[in-house]
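Written below as structure tokens is the structure these notes are about.
The values are calculated or read from the model by the stated rules, or taken from the named source; none is laboratory data. Being a predicted model, the structure only gives us computed values, none of them experimental. Here Cβ is always computed from backbone atoms with ideal geometry, including for glycine, and neighbour counts include all displayed protein chains.
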Amino acid sequence: MGSRCVKFGVIALILTGHWKFNMAPHSKELSEDLKKRIVALHKDGLGYKKIAKTLKLSCSTMVKTIQRFNRTGSTQNRPRHGRPKKLSARAQRHIQRLSLGNRRTGAASIAAEVEGVGGQPVSALTIRRTLHQIGLHGCRPRRKPLLKMMHKKARKQFAEDKQTKNMDYWNHVLWSDETKINLFGSVGVKRVWREYKDKCVLPTVKHGGGSVMVWGCVSAASTGELQFIEGTMNANMYCDILKQSMFPSLRRLGRRAVFQHDNDPKHTSKTTTALIKKLRVKVMDWPSMSPDLNPIEHLWGILKRKVEECKVSNIHQLRDVVMEEDSSGNL
């Protein structure tokens, strides 16, 4: 009974981490210069103990070094092959084909399929290591607009039509777009040199804390007046923005001015089309699903970063900061 209690006590100490094994530490491998010096001193007639005392090393190290030299004629260690690979070259090629055939297949699913074909159990960790060796690493997919073939052809046609335009043409283009500016938190991806402290945490609140929608326009000459959008914008509200903000900015660009907006339904509605025709505004043909072609996106990024630096706490402050940044001319 007593011996059984002792065994349970020892196991408990090991599991709780209170039992420490006195294992011999691994000695540091000798450099090649030091090994050659040991061999040279031994050839000069010095014994193991005297060499160990001179170089402040153990006698067993002297013996092993000199015996290796006498046996192999060299002080270098034999190549260490390690454990042989579990997967054959054929299995590795099979894993590569599976991952490239469907890049969303997880390591566990690939491991199960490889085991089903070869009959050899393979862990998900082995699959990941194999994929890392061929340059494939798991990461989050980039989020991009869904482009169909018709969208790709339209974008290509847009590029071909505009590649011959000179700078004088682009200087007369008025770019426009709407964007949402959040009160709390950032829309973009933020990275920190992580440490478990409050300053490395990006706080969030329920429902995002509120936001404002704004419409803006920009040309090579200057930025236009920002317009806040109350509620959901419809075609009538958009027409009011065009008359109040867009048309005055467009007239400043002269007769060759070209207005750009995307293919949002309220932009292409009958009401909007009739107003643009009445104002005699020349509109640029714009391919669908092409937000990345609009240079105003860079301006929105600058505005959002400046707003975030001000650390506003309510919607009224957010509106004031947006108007202040717009009127300051820093955008």
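Some observations on this one:
- Reported count of residues in the range 224-257, each being in contact (Cβ under 8 Å) with a residue 40 or more places away in the chain, outside any loop (DSSP other than H, G, I, E, B) and surrounded by 18 or more Cβ atoms within 10 Å (Cβ to Cβ), is 3.
- Subset of the range 113-128 (residues that are of a type outside the set (V, I, T), in a helix (DSSP H, G or I) and exposed (fewer than 13 other Cβ atoms within 10 Å of the Cβ)): G116, L125
- Among the residues of the range 258-279, those identified as part of a helix (DSSP H, G or I) and out of contact with any helix residue (DSSP H, G or I) (no Cβ under 6 Å at 6 or more places or on another chain) are K270, T273, A274, I276, K277, K278.
- Answer residue from the range 224-248, given it is within 38 Å of the chain's Cα centre (by Cα), polar (S, T, N, Q) and at pLDDT 90 or above and is nearest to K165 (Cα to Cα) among those: S245
- Count - residues of the range 280-331 that are outside any helix (DSSP H, G or I), surrounded by fewer than 16 Cβ atoms within 10 Å (Cβ to Cβ) and in contact with a helix residue (DSSP H, G or I) (Cβ under 8 Å, 6 or more places away or on another chain): 4
- Candidates K144, K180, K153, filtered to the one that is charged (D, E, K, R), loosely packed, with under 14 Cβ neighbours inside 10 Å and either touching a residue at least 24 places away in the same chain (Cβ under 8 Å) or in the same structural domain as I229 (by TED's automatic domain parsing) (or both): K180
- Residues within the range 55-81 that are assigned to a loop (DSSP other than H, G, I, E, B), among the hydroxyl-bearing types (S, T, Y) and under 18 Å from K43 (Cβ atoms), tallied: 2
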